[in-house]
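*Asks:* Got a structure for you, questions after.
The values are calculated or read from the model by the stated rules, or taken from the named source; none is laboratory data. These numbers come from a predicted model, not from an experiment. Cβ placement follows ideal geometry from the backbone for every residue including glycine, while neighbour counts extend to all protein chains displayed. Accessible surface areas use protein heavy atoms only, side chains included; no ligands, DNA or RNA. Shrake-Rupley method; radii C 1.70, N 1.55, O 1.52, S 1.80 Å.
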Amino acid sequence: MKLTKMTVALCASVALPMAAHATELEVTHWWTSGGEAAAVAELAKAFDASGDKWIDGAIAGGGGTARPIMISRITGGDPMGATQFNHGQQAQELVEAGLMLDLTDVAEANNWKEVIYPPSLLDSCTLDGKIYCAPVNIHSPEWLWLSNKVYEDLGIPVPTNWNEFVATAPQVDAAGKIPLALGNQPWQSNLAFGALVIGIGGLDLWKKVNIDKDMEAAAGPEMAAVFTAAADARKLAAKSTVQDWNQATNLVITDEAAGQIMGDWAQGEFQVAGEVAGKDYTCLPGLGLNEYISTGGDAFYFPKLDDPEKEAAQKRLAALLVSPEVQVAFNLKKGSLPIRGDVDLAAANDCMKKGLEILKGGNIVPSGDQVWSADVQKQNEDLMVEFWKSDMDPVAAQAQWVENLKSGL
Ligand code: GAL
């Protein structure tokens with residue numbers, strides 16, 4: 001996306017009120033890996049440079065650990081100034097309970113409805129016509145990351161899709177390398193399965209199940225083929241004993257593992273390790289089979305603090321997070337795509353460029369967090385942990401998965 005004259009004018013006109021004096025805001029998030037920390041530092045730097053003060057509230061252990069802590073603080077009367085949630089329904093009950101700040105005036109002053117793309121990101125922030133979050137990135141989970149060196153050392157071409165990855169896995173295993181790196185956190189198993197649904201099941205099946213809520217399709221033979229593929233994949237991950245997602249990414253970076261199904265936030269780790277896309281590692285969106293990406297990613301929500309000075313600072317931060325300058329600085333470090341189409345990621349690497357092309361082409365679908373409740377997502381995460389770490393029968397797993405989905409209808 002080229003920076004046009006209109007865009008330059010727009011950037012200059014973006015309403016970014018300056019603080020009269022520094023107001024401190026505690027910001028909670030779960031970005032604690034090397035790449036994530038480098039990215040969140042860009043947000044803190046921008047907020048501090050604007051005249052306010054970012055008090056970092058990083059929570060280790062991933063979203064599954066951080067979100068319950070964030071929610072209990074807000075409902076328990078100990079709210080932070082701003083907090084990360086994923087795009088979708090994770091903060092819906094907090095908004096419905098009247099605990100979150102209405103940002104509609106900020107959105108209108110900064111033309112969020114015109115500039116935020118895709119519009120579904122702002123829809124996920126909107127309840128009863130009011131806007132309660134500032135989207136900051138688009139992360140898509142459906143990527144396969146490959147160590148080029150593992151294949152070069154074996155004298156075989158780097159796979160161009162999931163099927164070639166599976167076909168060459170025996171050679172990788174025989175060479176003492178882990179075919180598929182996978183961490184033990186529940187959301188990682190659910191993410192891997194979701195990528196297989198799009199990659200192997202395809203877009204039509206994904207839409208039938210997740211948009212049309214067609215439970216016959218969910219229980220049908222096409223989904224059965226995805227569960228079988230997932231059962232095959234879990235054998236490839238059997239020797240992966242790490243816990244955190246970035247430890248699994250590190251197995252690929254250090255060429256101990258051939259591949260990892262992970263969201264494009266893995267880019268941040270490759271970047272911090274000094275690895276070059278295309279040269280040291282290969283990225284396959286949609287597992288190289290169906291180049292669709294889902295609009296996962298992150299937004300910031302602002303608990304009500306009953307303090308006019310803090311509220312003014314919250315609104316300044318919300319405007320800053322969506323501004324073109326911060327969008328470029330943050331997303332380049334995060335490995336994610338920007339939430340607005342009027343910025344120029346000239347420094348984007350080959351993998352980010354692949355994602356931008358897919359985004360521009362409209363080959364996008366909502367994320368699981370945007371189409372299912374947090375409760376259904378949690379049920380499926382629990383199922384997937386059990387499935388991926390056992391020899392659970394794929395037929396039984398599919399039946400349970402359908403029941404989980406039905407509970408959210
Ligand atoms: C996701 C989040 C990403 C990424 C990942 C791993 O939920 O959208 O920003 O950091 O968690 O922590």
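*Asks:* Would you confirm whether any residue within the range 330-344 is open to solvent by 30 Å² or more (accessible area, probe 1.4 Å) and over 23 Å from Ser50 (Cβ atoms)?
*Replies:* At the first step, the residues of the range 330-344 found to be open to solvent by 30 Å² or more (accessible area, probe 1.4 Å) are 332-333, 341, 344.
After this cut, where a residue has to be over 23 Å from Ser50 (Cβ atoms) as well, the list is 341.
Taking every residue of the range 330-344 in turn, at least one turns out to be open to solvent by 30 Å² or more (accessible area, probe 1.4 Å) and over 23 Å from Ser50 (Cβ atoms).
To keep it simple, each residue is scored yes or no on (1) farther than 24 Å from Glu26 by Cα; (2) not assigned by TED's automatic domain parsing to the domain that holds Val150.
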{"site": "Gln271", "(1), (2)": "yes, no"}
{"site": "Val276", "(1), (2)": "yes, no"}
{"site": "Tyr301", "(1), (2)": "no, yes"}
{"site": "Glu311", "(1), (2)": "no, yes"}
{"site": "Leu317", "(1), (2)": "no, yes"}
{"site": "Ser323", "(1), (2)": "no, yes"}
{"site": "Gly341", "(1), (2)": "yes, yes"}
{"site": "Asp350", "(1), (2)": "yes, yes"}
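*Asks:* Asp306 - would you say it is free of Cβ contacts under 8 Å to residues at least 40 places away in the same chain and either within 16 Å of the ligand (Cβ to nearest atom) or at positive phi (or both)? Spell out how you get there, then give the answer.
*Replies:* Working: free of Cβ contacts under 8 Å to residues at least 40 places away in the same chain: yes; either within 16 Å of the ligand (Cβ to nearest atom) or at positive phi (or both): yes.
Yes; evaluated as a whole, the condition is true for this residue.
*Asks:* Taking the criterion of being part of a helix (DSSP H, G or I), of a type in the set (Phe, Trp, Tyr), touching a Gly at 6+ places or on another chain (Cβ under 7 Å) and open to solvent by less than 10 Å² (accessible area, probe 1.4 Å), would at least one residue in the range 163-186 satisfy it? Steps first, please.
*Replies:* Step one: of the range 163-186, the residues part of a helix (DSSP H, G or I) are 163-174, 186.
Now narrow it down to the ones that are of a type in the set (Phe, Trp, Tyr): 165.
Going one step further and asking which of them are touching a Gly at 6+ places or on another chain (Cβ under 7 Å), we end up with 165.
Adding the requirement that they be open to solvent by less than 10 Å² (accessible area, probe 1.4 Å) leaves 165.
Yes, because at least one residue in the range 163-186 is part of a helix (DSSP H, G or I), of a type in the set (Phe, Trp, Tyr), touching a Gly at 6+ places or on another chain (Cβ under 7 Å) and open to solvent by less than 10 Å² (accessible area, probe 1.4 Å).
*Asks:* Being in contact with a Lys or Arg (Cβ under 6 Å, 6 or more places away or on another chain) and within 9 Å of the ligand (Cβ to nearest atom) is the filter here, so list the residues in the range 27-61 that pass it.
*Replies:* Hit for the range 27-61 is Ala39, nothing else.
*Asks:* Keeping to the range 250-264, report how many residues are open to solvent by less than 40 Å² (accessible area, probe 1.4 Å), under 20 Å from Gly61 (Cα atoms) and not charged (D, E, K, R). Explain how you work it out, then say what you get.
*Replies:* Residues of the range 250-264 open to solvent by less than 40 Å² (accessible area, probe 1.4 Å): 251-253, 255, 257-264.
Remaining after also requiring under 20 Å from Gly61 (Cα atoms): 251, 260-264.
Subsequent filtering for residues that are not charged (D, E, K, R) retains 251, 260-263.
So the count comes out to 5.
*Asks:* Could you tell me whether any residue of the range 171-181 is of a type in the set (A, V, I, L, M) and within 16 Å of the ligand (Cβ to nearest atom)? Walk me through it before giving the result.
*Replies:* Taking the range 171-181 first, the residues of a type in the set (A, V, I, L, M) are 172, 174-175, 178, 180-181.
Right, trim to within 16 Å of the ligand (Cβ to nearest atom) and you get 181.
Within the range 171-181 (the criterion being of a type in the set (A, V, I, L, M) and within 16 Å of the ligand (Cβ to nearest atom)), the answer is yes, since at least one residue qualifies.
*Asks:* Moving to a separate point now. Ala396 - would you say it is surrounded by fewer than 15 Cβ atoms within 10 Å (Cβ to Cβ) and not polar (S, T, N, Q)?
*Replies:* yes
*Asks:* Kindly establish whether Gln247 is within 16 Å of the ligand (Cβ to nearest atom), open to solvent by 30 Å² or more (accessible area, probe 1.4 Å) and modelled with pLDDT of 95 or more.
*Replies:* yes
*Asks:* Restricting the search to the range 244-264, which residues are closer than 9 Å to Leu180 by Cα and in contact with a Lys or Arg (Cβ under 8 Å, 6 or more places away or on another chain)?
*Replies:* Ala257, Ala258
*Asks:* Can you tell me how many residues in the range 292-334 are closer than 16 Å to Gln84 by Cβ and in a loop (DSSP other than H, G, I, E, B)?
*Replies:* The number of residues fulfilling the criteria is 2.
*Asks:* Is it the case, given these coordinates, that Gly274 is surrounded by 22 or more Cβ atoms within 10 Å (Cβ to Cβ) and either within 24 Å of Glu357 (Cβ to Cβ) or more than 16 Å from the ligand (Cβ to nearest atom) (or both)? Steps first, please.
*Replies:* Numbers: surrounded by 22 or more Cβ atoms within 10 Å (Cβ to Cβ): no; either within 24 Å of Glu357 (Cβ to Cβ) or more than 16 Å from the ligand (Cβ to nearest atom) (or both): yes.
So Gly274 does not fit the description; no.
*Asks:* Same structure, new question: Of all residues in the range 124-147 being touching an Asp or Glu at 6+ places or on another chain (Cβ under 8 Å) and open to solvent by less than 10 Å² (accessible area, probe 1.4 Å), which is farthest from Ser367 (Cα to Cα)?
*Replies:* Only one residue fits best here, namely Ser147.
*Asks:* Within the range 196-213, track down each residue that is modelled with pLDDT of 95 or more and loosely packed, with under 15 Cβ neighbours inside 10 Å.
*Replies:* The one that is modelled with pLDDT of 95 or more and loosely packed, with under 15 Cβ neighbours inside 10 Å: Asp212.
*Asks:* Sticking with this one: Restricting attention to the range 62-73, and to residues there that are modelled with pLDDT of 95 or more and open to solvent by less than 10 Å² (accessible area, probe 1.4 Å), which single residue is nearest to the ligand (Cβ to nearest atom)?
*Replies:* Filtering first and then ranking leaves Ala66.
*Asks:* Among the residues of the range 77-106, how many are of a type in the set (A, V, I, L, M, F, W, C) and farther than 18 Å from Val322 by Cβ?
*Replies:* As a first pass, look at the range 77-106 and keep what is of a type in the set (A, V, I, L, M, F, W, C): 80, 82, 85, 91, 94-95, 97, 99-101, 103, 106.
In the following step, the residues that additionally are farther than 18 Å from Val322 by Cβ were identified as 80, 94-95, 97, 99.
Looking only at that region, the number is 5.
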